[in-house]
Amino acid sequence: MLTKRTVLKAAAFSAVFSSAKGAAADSSVDGVPLPADASIVPPSPGGSPFAQLFSGVWTGAWGGVLKHILLVESIATDGTCTVVYGWGENPRIGLKSGWLRQPARIIDRTLTIDGNFKATYWLGNDRFLAARWQRGDAQAAAGMGKAEDTVLTQRITPTWGVGESVMLDTSLREAGKAVRLEAMIYTPSGPGPFSLLLCNHGSTGNGTNKALFGVTHHNSILARYFLGRGYKVAFLQRRGRGRSEGLYDEGFLPDRSAYGCPAPVSLPAADRALNDIAAGMAALRLLPDVRHGPALLEGQSRGGILSVAFAGMYPDDVSGVLNVVGGWVGGGCHDAEIINPQLFARGGRYPNAMLWLYGLNDSFYSINHSRANHAAFMRAGGKGNFVAVLPIEGDGHFIQWWPQVWLGPVENYLNGL
């Protein structure tokens, strides 16, 4: 997703690449050009233990939109390497497709290109990279997957890991009319059926910027990781968010100028959001390539607390819960100590373990507040570990974009399901 924190600014991106040497297309892989002499040289022996894993072709899409190929051609013993950086066309920002051959360096699990722009690629496993692009204040993120080397010779269309916006028919109704919900869906290659991962988004800060209501939330890094584990990943947009129909009404002040704080406003709004998730879940389970049975839930911020509460309400429909920095109202709200523990306690009826992941230095929820919420959940009968992690940089509320900090705990949790 292109968010305020991961926005790919057109002017900055175009300035870097529009005048790139070697940008003319010699050959093309699904619209992304590569040089005619592109090749893969086996890494030199005795170098980085991760060299063999990095070597080859990686594909993804910046912000889930702009197709990108990273071809790691050669890696020396000291970790220096030569890469081809290819990108697709994006008429919306006036960007033509092209490629650059660049020097790069591998240190431990990170490959870095550092020139007119900086791109870093963190190796999660042998099939998954978390990529970040930056030039000044312009940023973008992408989940990258390992492609077969035959992409270079046979020009086979790779899996870009790009989501598809789907409008779901639901049982919800407003003003006598049926309401459809949008889901940004990422589907693994192959015929299926696939286990379902339902991802639940958070709020829009303090609710004052109405332009954010229409932004479709999805996270290509998270999606790419779960695609690699065989999940069909659906980022459900609740009413009034993204392209979903209906009114966005999750606890506003009477004049709808911002979110409200009092419990009598917030708790009914959470119930409304839970109804949206139930309707979206029912619609997603009707998709022909979704495996029958319970779904895995993941949620960030408000989506995290909703995932916990939903599992307690519908335990037979949920195979596991990943709660990432969950909470309904921030610690600055005078009723936060009432609202958040009550909603989390609803998850106590879920019989299986959950994973609660929280970042230090979170601008919305202090770690002590979140630990107190976990304690209330446990007193209500809940099961699961609370894991506090230090963000790679910035606000701990956005650890979802940094798999370096969540990959280990998530893998351990999934392996135990």
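The values are calculated or read from the model by the stated rules, or taken from the named source; none is laboratory data. Note that this is a predicted model, so its numbers are computed, not measured. In this analysis, Cβ positions are derived from the backbone assuming ideal geometry, glycine residues included, and neighbour counts consider all displayed protein chains. Please note that ligands, DNA and RNA were not included when accessible areas were found on the heavy atoms of the full protein model with its side chains. Shrake-Rupley method; radii C 1.70, N 1.55, O 1.52, S 1.80 Å.
Averaged per residue, the chain has 40 square angstrom of accessible surface, using a 1.4 angstrom probe with ligands and nucleic acids left out. Packing-based ranking of 206-217, 391-402, 90-101 yields 391-402, 90-101, 206-217, ordered from highest to lowest mean Cβ neighbour count within 10 Å. Over all pairs of different C-alpha atoms, the stretch 103-205 has a mean inverse distance whose reciprocal, the Kirkwood radius, equals 17.6 Å. Relative contact order, whole percent, for the stretch 303-417 stands at 26, derived from Cα pairs under 8 Å and 6 or more residues apart.
Among the cysteines of the chain, those with no neighbouring cysteine Cβ under 4.7 Å are Cys81, Cys199.
In deg cm²/dmol, rounded to 500, what helix-only [θ] at 222 nm does the chain give when every DSSP H run of at least 4 residues adds -39500 (n - 2.57) and the total is split over its residues?
-7000 deg cm²/dmol
With the Cα gyration tensor of the stretch 310-417 giving a ≥ b ≥ c as the square roots of its eigenvalues, does the rule (a/c under 1.5 for rounded; else a/b larger than b/c for prolate; else oblate) give rounded, prolate or oblate? Note, shape of the stretch 310-417 comes out oblate.
In angstrom, the C-alpha Rg and Dmax of the chain are 21.9, 69. By accessible area, using a 1.4 Å probe on protein heavy atoms only, the chain has 52% of its surface on carbon and sulfur.
Size of the stretch 165-315 from its Cα atoms: along the principal axes, largest to smallest, the extents are 49, 33, 29 Å.
Each 10 Å bin from zero holds the following percent of Cα-Cα pairs in the stretch 369-417: 23, 41, 34, 2.
With the convex hull built on the Cα atoms of the stretch 76-127, state its orientation-averaged projected area in nm².
Details: hull surface 18.8 nm².
One quarter of the hull surface, i.e. the mean projection, equals 4.7 nm².
Quote the Stokes-Einstein diffusion coefficient, in whole µm² s⁻¹, for the stretch 278-344, based on the Kirkwood radius over alpha carbon pairs, a temperature of 20 °C and a viscosity of 1.002 mPa s. In µm²/s, the coefficient is 167. On a 27 Å Cα-Cα criterion, which of the cross-link pairs Lys96/Lys146; Lys210/Lys232; Lys177/Lys232 come out too long? Those over the limit are Lys210/Lys232; Lys177/Lys232.
Averaged over residues, the count of other Cβ atoms within 10 Å places the peptides 321-334, 175-188, 278-291 in the sequence 321-334, 175-188, 278-291, highest first.
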